Amino acid sequence: MSERLLLTALKGGSNTKIITLNGKRMTRMPSALEKLPGLRILNLQNNLIHEVCPELRTLTKLTLLNLGNNLFEEIPEEMKYLTSLKKLHLFGNRICSIATGVCDGLQELVLLNLNDNRLKSLPQEVGRLRNLTYLSINHNQLTGIPTELCSIQSLSELHLNYNQLMGIPEEIKLLRNLQQLFLVRNNIEALPEGLCHLKKLRILDIAGNVIQIFPAGFQNLKLREFYCEGNPLFLKRPITAIRPKDVWTLREIAARFVLGQLDKKNHLIMNAIERYPETKDKLSKARRCPLCRKPFLSEWLECVRFVSPSKNWKISRNLHLIPLRILLCSYQCFDRRGPNLFGIAQE
Ligand SMILES: [Zn+2]
């Protein structure tokens, strides 16, 4: 049946550039496609196809392939021969895996739509889709994204709504061209600090997660739209914390001493630390207290500061203040905090 349909569609002759066979109840791809090496657009959406035909590999001029709403369970290896493909639609299938090598072949791919499938994870190879600008994987079962995804420099829109993500990697900061990020209805507890480095980010939608607090620096994002309904955000409510004296571990005391000496450019310590790369690496993860500016390593007081969202942001209704995560070095600093800074009760 599919061959006959293709012949009907070929009224334009064999140098036809576009084939559309939408909703024809086709169960397989027409193998006569190999007679159309010049084909640019192939639309076979809303059919019953579950595998590609081997002849697909001859379509090296194809720029758009729409296989949405079919019965595929995998992005098959044959796709790697579609070296001119720019847009690939595979929404509404049953895809749970991506064959090895596909990403290496799809070097021209700009748009990938995998909405409504059954993906639980993505292979590291997705990072090789170096021209991708639009990636949409809404309504799947992703529990995480590989850090390699963050190496796609061209990516400007990332849609990951309705998955089971617990978080996104700190490496998100490498997506320097990211303008729109959608993370609606996942299980995200905290956003990474790296997110605050995304200078081009304009739309951020994190509605329906379990976020209580945002990383410091969040208010510096140049967003135009920000949505966060349905998160258990901290409310502005002072707590009366019991304030013990600061007691640090010896390790923390030593770390703070060394960090303080490095700040003062103590040459003896600076030279010594070069001999201990492991220690140097650990100390490089030190943070700085926003009140006294002194460094600390792994012991701190978690606090929350409430700031008004930027006036330029279009935001969720009822969002008057954004809770930011602030880490103080000591109770000494906690005692001289400003009126907008609160302690977080430890459970
Ligand atoms: Zn301090």
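Among Cys228, Cys292, Cys196, which one moves the most in a GNM of the chain with springs linking Cα atoms closer than 10 Å?
Greatest mean-square fluctuation among the candidates belongs to Cys292.
Sort Leu178, Leu297 by heavy-atom solvent-accessible area, probe 1.4 angstrom, most to least.
Ranked from most to least accessible, the order is Leu297, Leu178.
Using a 1.4 angstrom probe and counting only protein chains, how large is the accessible area of Lys200 in Å², to 10?
For Lys200, solvent-accessible area is about 90 Å².
Please tell me which of these pairs span more than 20 angstrom C-alpha to C-alpha: Lys17/Lys61; Lys86/Lys199; Lys199/Lys314; Lys245/Lys282; Lys87/Lys120?
With Cα atoms farther than 20 Å apart: Lys86/Lys199; Lys245/Lys282; Lys87/Lys120.
So how strong a dipole does the chain carry about its Cα centre when Lys and Arg Cβ are +1 and Asp and Glu Cβ are -1, to the nearest 20 debye?
For the chain, the charge dipole is close to 1280 debye.
How high is the relative contact order of the chain? Use alpha-carbon pairs under 8 Å, at least six apart in sequence, and give a whole percent.
Computed value for the chain: 8 percent relative contact order.
Given a 1.4 angstrom probe, what's the average accessible area per residue across segment 174-280, in square angstrom?
It amounts to 63 Å² per residue over segment 174-280.
Can you tell me the relative contact order of segment 250-296? Whole percent, Cα pairs under 8 Å, sequence separation 6 or more.
39
For the chain, take the longest principal axis of its alpha carbons; what is the angle in degrees between that and the long axis of helix 250-263, to the nearest 10 within 0 to 90?
For 250-263 against the chain, the angle is about 90 degrees.
Heavy atoms only, probe 1.4 angstrom, no DNA, RNA or ligands counted: give me Thr133, Thr100, Thr83 ranked by accessible area, highest first.
Thr100, Thr83, Thr133
Glu193 to Glu171: extension gain in nm, 0.36 nm per residue of separation minus the Cα-Cα distance?
Residue separation times 0.36 nm, minus the Cα-Cα distance, leaves 7.0 nm.
Once R0 is set to 22 Å, what does the formula 1/(1 + (r/R0)^6) return for the Cβ-Cβ distance between Leu250 and Asp281, expressed as a FRET efficiency to the nearest 0.05?
Rounded to the nearest 0.05, the efficiency is 0.65.
Identify the residues of segment 177-211 with backbone N under 11 Å of a label point that sits 7 angstrom from the Cα of Glu229 along the Cα-to-Cβ direction, or state none.
Within reach of a label on Glu229, which here means backbone N under 11 Å from a point 7 Å along Cα→Cβ, segment 177-211 contributes 207-208.
Once you've got the GNM for the chain with C-alpha springs shorter than 10 Å, pick whichever of Trp300, Trp313, Trp248 has the biggest mean-square fluctuation.
Maximum among the listed residues: Trp248.
Nearest 500 deg cm²/dmol is fine: what mean residue ellipticity at 222 nm does the chain get from its DSSP H runs of n ≥ 4 alone, each adding -39,500 (n - 2.57), divided by its residue count?
Rounded to the nearest 500, the figure is -3500 deg cm²/dmol.
Given a 1.4 angstrom probe, I'd like the percentage of the accessible area of the chain that is carbon and sulfur, rounded to a whole number.
Of all accessible area on the chain, carbon and sulfur atoms account for 51 percent.
How much length is gained if the chain between Glu125 and Lys294 is pulled fully straight, taking 0.36 nm per residue apart and subtracting their Cα-Cα distance, in nm to one decimal?
56.7 nm
Asn312 versus Cys53, label points 7 Å from Cα toward the beta carbon: distance in nm?
5.3
The values are calculated or read from the model by the stated rules, or taken from the named source; none is laboratory data. If you're wondering where the values come from, they're calculated on a predicted model, not measured in any experiment. A quick note on method: Cβ atoms are made from the backbone with ideal geometry, for glycine too, and the neighbour counts reach across all protein chains shown. In case anyone asks, the SASA skips ligands and DNA or RNA and just uses the protein heavy atoms, side chains included. Shrake-Rupley method; radii C 1.70, N 1.55, O 1.52, S 1.80 Å.
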